[in-house]
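For reference, the structure is listed below as structure tokens.
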Amino acid sequence: MKKDHRVVLRLRRAAAVLFATVLVAVLVPLQAFAAPPTPLRPGSGNAAVFGALFWPILAIATVVFVLVEGLLIFAIVRYRRRYDDDTPVQVHGNNTLELIWTIIPALIMAVLFAMTLVELQKERNTPPDAMRIEVTGHQWYWEFYYPETGLKLDSRTTTSFFIPTDRPVAFEVTSKDVIHSFWVPQLNGKMDAIPGRVNTVWAGDVKPGTYAGQCAEFCGLRHYNMLFNIIAVTPEDFDVWMQAQVFLASQFRPVGTDIEAPLPSGEATSGEALFVAQGCVACHSLDGSTLVGPSMQGMAGRAEGRSTELSAEQYLHQSIVLPCEYVVDGFACVMPQNFGTEKLDAQALADLIAYLETLE
């Protein structure tokens with residue numbers, strides 16, 4: 001009997017610890033466990049709706065968990081084997097009980113399905129007055145294009161992208177290479193970025209603030225680079241920002257693809273920063289290891305003898321603005337061909353070449 005009493009005490013203590021753990025998890029503020037960003041601190045009307053759905057689902061799940069675990073612990077304690085020769089009572093089912101635990105969960109699921117379906121239907125209908133932003137995923141950066149002004153930015157050069165708070169914003173999401181997943185937790189749910197397909201996710205009634213975004217689909221070695229911020233500001237501040245960005249873009253003059261064109265003197269330190277900012281490190285290592293493209297280790301020496309018709313500087317110039325003119329054996333030409341026409345001006349190209357010429 002004493003042994004049985006000790007077993008009962010142990011089981012009761014275990015049950016008490018389990019109950020206390022569940023109670024703490026439910027009652028302690030979620031901020032103690034979840035670092036931002038979290039959809040439970042919504043920054044838009046869309047996110048607020050889905051955040052509100054979370055709480056009744058959590059409440060129902062908690063009740064079910066406590067009930068099931070409570071009955072389980074009760075059965076373990078109440079019907080435990082007390083003696084070696086105990087034979088449990090044979091039970092052959094209870095139709096009433098089985099109907100209850102079938103019908104009630106089915107009703108709960110039906111109610112939750114209806115609640116969720118109503119909101120999902122609303123999400124499918126993008127407001128006609130929404131401001132469109134075309135978002136394209138790349139390995140490993142995001143490109144944002146504002147069709148109303150023609151402004152194009154990407155997360156290699158800036159991680160902050162602005163939206164106004166006076167109108168809904170529709171993000172039209174696609175990809176140029178692999179599947180990514182565009183997610184700003186405090187504005188709305190995840191949306192897959194799929195090559196050849198455009199998916200739309202929108203946010204309305206956005207509060208002013210900074211909302212962290214990310215790629216929620218593992219997309220390769222530098223998946224961690226796919227971080228960005230959506231900054232929601234007043235219409236007046238958004239107009240000022242947009243005008244400034246459009247002005248800066250208008251001052252940009254791409255270097256072009258003429259490798260005979262003279263370049264200014266380059267600065268290797270600036271070129272090193274560009275090598276990272278333009279995403280070159282995603283495909284070209286600096287330590288001799290092979291990635292998507294050939295390693296840049298020893299480039300200073302290799303560029304000298306790569307072509308009998310071009311100087312080292314001209315060879316590097318051509319390799320950047322016309323990457324498919326000469327392809328290193330064992331590699332395919334997958335490098336973007338718009339560095340000369342869209343991404344680099346003469347000074348930036350000169351800086352990048354100056355840096356490559358220092359790599360030994």
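The values are calculated or read from the model by the stated rules, or taken from the named source; none is laboratory data. As the structure is a prediction and not an experimental result, all values here were calculated from the model. FYI the Cβ positions are ideal-geometry reconstructions off the backbone, even for glycines, and counts take in every protein chain you see. Ligands, DNA and RNA are excluded from the accessible area calculation, which covers all protein heavy atoms including side chains. Shrake-Rupley method; radii C 1.70, N 1.55, O 1.52, S 1.80 Å.
For helix 235-251, report the angle its Cα long axis makes with the longest principal axis of the Cα atoms of the chain; keep it between 0 and 90° and round to the nearest 10°.
30 degrees
Karplus couplings for segment 68-74 from phi (6.51 cos²θ - 1.76 cosθ + 1.60, θ = phi - 60°), rounded to Hz, Gly and Pro as x?
5, 5, x, 5, 4, 5, 4
Work through the residues other than residue 70 whose Cβ is under 13 Å from its Cβ and net out their charges, Lys, Arg +1 and Asp, Glu -1. Write out the running numbers ahead of the final one.
Values: positive: 12, 78; negative: 69.
Overall, the nearby charge balance is +1.
What does the extension gain come out to for residue 66 and residue 130, with contour length at 0.36 nm per residue minus their alpha carbon separation?
Details: separation 64, 0.36 × 64 = 23.04 nm, distance 4.45 nm.
Length difference between fully extended and current span is 18.6 nm.
Hey, of (i) 1.17; (ii) 1.05; (iii) 0.96, which did the structure itself give for Rg/Rh (Cα atoms, Kirkwood Rh) when calculated?
Label of the calculated value: (i).
Assuming a ≥ b ≥ c are the square roots of the Cα gyration tensor eigenvalues, decide whether segment 152-205 counts as rounded (a/c under 1.5), prolate (otherwise, with a/b larger than b/c) or oblate.
Details: a/c = 1.96, a/b = 1.31, b/c = 1.50.
Oblate, because a/c is 1.5 or more while a/b does not exceed b/c.
Summing +1 for each Lys or Arg and -1 for each Asp or Glu, what net charge is found among the other residues whose Cβ lies under 13 Å from the Cβ of residue 267? Kindly include the intermediate steps, with their values, before the conclusion.
Numbers: positive: none; negative: 272, 351, 357.
Result for the neighbourhood of residue 267: -3.
What net charge is computed for the residues neighbouring residue 329, neighbours being all others with C-beta under 14 Å from the C-beta of residue 329, Lys and Arg scored +1, Asp and Glu -1? Before the final figure, lay out each step's value.
Details: positive: 302, 306; negative: none.
So the surrounding residues net to +2.
Only Lys, Arg, Asp and Glu count, each charged at its Cβ (+1, +1, -1, -1), so figure out the dipole size of segment 212-360 about its Cα centre, rounded to 20 debye.
Working: 5 positive and 19 negative charges, 63 e Å.
Using only the charged Cβ atoms, the result is roughly 300 debye.
So if I place +1 on the C-beta of Lys and Arg and -1 on the C-beta of Asp and Glu, and nothing else carries charge, what would the dipole magnitude of the chain be about its Cα centre? I want it in debye, nearest 20. Can you show the working numbers first?
On the way: 26 positive and 37 negative charges, 575 e Å.
The dipole of the chain has a size of about 2760 debye.
Across 5 Å bins from the origin, how do the percents of Cα pairs in segment 155-263 run, short distances first?
Cα pair-distance distribution for segment 155-263, in percent: 2, 11, 16, 19, 17, 14, 11, 5, 3, 2, 0.
Relative to the first principal axis of the alpha-carbon coordinates of the chain, what is the inclination of helix 95-124, with its axis defined by its Cα atoms, in degrees from 0 to 90 and to the nearest 10?
Result, in degrees: 30.
Length gain on complete extension for the stretch residue 79 to residue 267, per 0.36 nm per residue less the alpha carbon to alpha carbon distance? Walk me through the numbers before you get to the answer.
Working: separation 188, 0.36 × 188 = 67.68 nm, distance 8.04 nm.
Separation in residues times 0.36 nm, less the Cα-Cα distance, equals 59.6 nm.
Compute the Cα gyration tensor for segment 260-360, then decide on rounded, prolate or oblate, letting a ≥ b ≥ c be the square roots of its eigenvalues: rounded whenever a/c is under 1.5, prolate when a/b is larger than b/c in the other cases, and oblate in all that remain.
Details: a/c = 1.23, a/b = 1.15, b/c = 1.07.
In terms of gyration-tensor shape, rounded.
Among 158, 99, 137, pick out the residue whose Cα is farthest towards the positive end of the charge dipole of segment 78-220, where Lys and Arg carry +1 and Asp and Glu carry -1 on C-beta, about the Cα centre.
Value: 99.
With every protein chain present, what is the per residue accessible area of the chain (1.4 Å probe, Å²)? Display every interim value, and only then the final one.
On the way: 21400 Å² over 360 residues.
Ligands and nucleic acids excluded, the figure is 59 Å² per residue.
Ignoring any ligand, DNA or RNA, what whole percent of the accessible area of the chain comes from carbon and sulfur when the probe is 1.4 angstrom? Mind showing how you got there, number by number?
Values: 13050 of 21400 Å².
The computed percentage sits at 61.
Given the rule -39500 (n - 2.57) for each run of at least 4 DSSP H residues, summed and divided by the residues of the chain, what is its mean residue ellipticity at 222 nm, to the nearest 500 deg cm²/dmol? Write down the numbers at each step before the final one.
On the way: 8 runs with 145 residues, N = 360.
Only helices count here, giving -13500 deg cm²/dmol.
How big is segment 98-220 by the Kirkwood estimate over distinct Cα pairs, in Å? Working shown, then result.
On the way: mean 1/r = 0.0617 Å⁻¹.
Every distinct Cα pair counted, the radius reaches 16.2 Å.
Calculate how steeply helix 2-27 sits against the longest principal axis of the alpha-carbon atoms of the chain, using the helix alpha-carbon long axis, and give the answer as 0 to 90 degrees to the nearest 10.
Here the helix axis deviates by roughly 40 degrees.
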